[in-house]
1. Which residues' amide hydrogens lie under 5 Å from the amide hydrogen of B:LEU68, considering only partners 5 or more residues apart or on another chain, with H built in the peptide plane?
2. Could you state how much accessible area is buried at the A-B interface, both sides summed, with a 1.4 Å probe, in Å² to the nearest 100?
3. Report the FRET efficiency, 1/(1 + (r/R0)^6), for A:VAL51 and B:ARG141, where r is their Cβ-Cβ distance and R0 is 41 Å, rounded to 0.05.
4. Relative contact order of chain B: what whole-number percent is it, with Cα pairs under 8 angstrom and at least 6 residues apart?
5. At 7 Å along the Cα-to-beta-carbon direction for both B:THR272 and A:SER226, put a label point, then send me their distance in nm to one decimal.
6. A:ARG333 to A:ILE373: extension gain in nm, 0.36 nm per residue of separation minus the Cα-Cα distance?
7. Could you tell me what a quarter of the Cα convex hull surface of segment A:177-247 works out to, in nm² with one decimal place?
8. Hey, in the GNM for chain B with a 10 angstrom Cα cutoff, which one of B:ARG222, B:ARG61, B:ARG143 fluctuates hardest?
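The values are calculated or read from the model by the stated rules, or taken from the named source; none is laboratory data. The structure presented is a predicted model; accordingly, all values stated were derived computationally and were not measured. Ideal geometry is used to build each Cβ from the backbone, glycine not excepted, and the neighbour counts take in all protein chains shown. What goes into the accessible areas is simple: the full protein's heavy atoms, side chains included, and nothing from ligands, DNA or RNA. Shrake-Rupley method; radii C 1.70, N 1.55, O 1.52, S 1.80 Å.
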Amino acid sequence: MTSTISLSEDKSPPAGGPETIEEQAAFNSRGRMGRKPGRKKLSPFNIISLVVAVGFIALTVVPLCTVLMRLFIVNGQLTLAPLQETLEQDILKLVGSTLIVVLSSTVFAVLIGGALAWLNERTDARMGLFSDLLPMIPFLLPPVAGSVGWILLLAPTGGYINGAWIKMMRFFGVPEASPLMDIYSWGGLILVFTVYGVAFTYMMIAPALRVLDANLEEQSRVTGASTMRTLFKVTLPAILPAVAAGALLWVWVAFATVDIPSMIGTGADISMLSQRIVNLLVFSYPPKQGVAVGLSLIISIVVLGAWLLQSNILRSNKFATVGGKGSRSTPMRLGKWRGVARGAMIAYVLVTTALPSLALLTVALTGSWRQNIDWGSFGFQHFEKIFKDSYAMKGLANSFTLGIVAATIVVVVAALVSLYVARSGRVFGRLIDVGIKLPATLGALVIVVGMVLLFTGPPFYLSGTTFLLLIAYCALCLPNASISADAAVAGVGGELTESSRISGASESKTFFKVILPLMIPALVGAWALVFVRVLSDLTASSLLAGANNPVIGFQMLELSRYGSYTDLSVLASILAVVSTVTVLAAVWFGRWSSRWTQAPKPSRRRPVNLR
Amino acid sequence: MSTPQMAVLKTKAEEVPTTTPTVQASTESREVLTITNVSKFFERANGTTVPAVDGVSLAVRSGEFLVLLGPSGCGKTTLLRCIAGLEQPDAGRIVIDGKTVYSSVERIELSAQQRTLSMVFQSYALWPNMSVFDNIAYPLRNRKIRKAQITDDVHRIAKLVGIDEVIGQFPNHISGGQQQRVALARALVSGDALVLFDEPLSNVDAKVRKDLRIELTALQNRFGFAAVYVTHDQEDAMELGTKIAVLEKGKVAQVASPREVYQNPASRYVATFIGSTNELEGKVVSVDATGLYIDTPLGVIRSERPHGGFAPGDEVVAIFRPEHGYLTPAHPGTVNALKATFRMELFSGSHAEQVVTHNHKVYRVWHGQEQEHGSEAWIGVAPEKVHVFER
């Protein structure tokens, strides 16, 4: 163990090394191309950004290297024992069941997400609020809380939906009806995976449909093709890359996700890779690191493959048929089907978010999970109980503090790095960019496993500390925040800043007067999403938290193992309410603070010169 | 109701004495911008270097309006950005208002914010988070000017370009034409001797464009700044420029007044880029004291405007403009008579264009009558209107 650590320590300087060499090369090549006599090459801003960027890259690269090494080196000796141990597991069954759940949920998610996106972007069944809301659902009702909600609805005996179904069946004269659906089954797992997958596929498909040149469809209709023929011969082929990208995005997210398998898979007795890793590291004594590392490797290979495929599809642009002008067609008329389509969309949102939320709140407020809801017992007494429980309170306080601190750090770092990358050379900037987005491409779980190996033993001894959790949250959330920050920087770049420089403004004045005000809305949005993600995280929380440093996610995992659904519902409700409020507040603030970008509301008053 | 450009023209006509301190109406013309041998190379992905700007030397005096004209990729925008300090040239010297801002030999390079010039961008680059007033005031606020003075100056310039009504609005809440004027006001408010324009009229429609051209010229006459204006639109170039620099692959092909460039182009490239032309490739048959004869697919043509010395047998191209040609159904009996086939008449309001072909090549002339499709037609053109360049 000691040697592993020392080896990885030797590794850490090179992690920053290539970058410096790369930088040197970029510097040299630019120096050769043209003399830059007046250019301040190493401003404080650049130095700070560089140090921060390299530090954060090391934070993910070093744990990854640790995982790789732990696979072949045990106690300082080269060995294949971990690999053998891994292969001795029921590995085919594990991978197989993970694949079944992930792939079937992907198929359903593409079908549902695609249909919703098409209805919402290309037909007159469009509902603006819906398209804003749908991709946000994983943040409004985080998977950890959502899974509990679905258990409350679809548990074979106590589930509210199943109870109602049996009652209804009895009413129609079927006395011994079987439950409508068992959450603890393949179907149940796939259902919950699909609900969250739809948000991801919708997120990728809807923009593609939005920017698709309407003339393509109109041309098809003018030549006499029917609505369906236009859809299948013109629209679908054009957005195929986005469909594939959405599907792969979900594959890569779902493969490494811990929350849903941990909450539901355990009860269903279906083992999935991510859940097994958590079990091996947290709920086994002594922790079986070798096997966990081997399984992590499988996850990272699949995730990496999906990511490579996705970026290839997105880069090839073979089908890119985006119109030159922002031409917006009249949406396709659905006629009598319009009401049906709208009803279906509303029903979808109600069933997938409102029902689980209601189930959570009901159990949390009545304090019991029973078919016959005791309307008289509604009250906040169970919340009070949680608030008086010092252990639960410690978890809540930890989660909130960590969420606020991590979100702030991550957003500031992401903004710094994005600005820095936008300004630095092509090769070097790209390198930093890839490094920062690495956790997203390799699966957060694998990096956390690396952190467990690296930081919990000597020489760090950070096991069970809040600091280690903070590091992990920051490392995991940086990629997403970084993508938001990139978008913000891209919107500010170019002529807007150049014209400020031409006007004689100093670098700092340009930053505070032009760049920062324009970036704030996107950064506030990113902050809210990171905060919610930290709050509802189970990946780092399950592996790095403990009784000494509890967080909400860890406590929910414990409670679900004990089967205390009342307390679980209370925590899940708190999580859902805080998430929803935070995200909606951020959306509102984003709109308010970028009010200058929106077209003014049409005035009811006639202009002065026309009166 | 007076349109903004009327306001500009009126103030100009009344010759309001220049009370604005920022407006320096200098009587004597001085050199505001001098570019000497400026080069800028780009590195392709495969490692080869391409000259975007290749040893360009130009000078602009105050009150002059220099248009950099060329097709996309000729280096005109790169040159402009080098002047602004937004890109670093690889060689040469740039002097603005007597101050060297870039010199590869002396290793001088001032950053964009240290150069006293203004610029109007193609996208206008109005900061969406600032009101129109704040946008215009921004350059002044960077120069430690009293608040009251700034307010005065901003309102004066806003009135001048006709946007005083929208001064409290955000840029995204006003029309495209108004945004254009805000960008213009922001460039003019600090009274810099040099103003750069990067295709600022390419985003507005033809009618507004025409109006803005007149306004821009009026403003320049009033303020007396030196302008460098990048465009690929020859109409912009002809109407705005006091001097046009036609760029070809990073080099200056010709610098002259719009009239000179049009009537006496320095090369086939310049002739064909500005205005429309008829090109006849052929061989020199004979040369005499005043001109030469060329054998072309349409017959022998005489030219009295050879550009360069030619000898019989040289491969050349004869070029004349459509407005100098006239069409007749029979041989006109003039020195130059070229036989072709009539195709169609294109009526464009101010004139009608007669289109003829020969061997699938199209020729156009603006004088003559419509005749039957496919009938024989003869083009006549005066020898002094036919330019000859080497091929």
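1. The list, which skips near neighbours in sequence, is B:TYR229, B:VAL230, B:THR231, B:ALA245.
2. Answer for the A-B pair: about 3000 Å² buried.
3. 0.80
4. 15
5. 5.4
6. Difference between extended and current length: 10.0 nm.
7. 6.8
8. Looking only at B:ARG222, B:ARG61, B:ARG143, the biggest GNM fluctuation is shown by B:ARG143.
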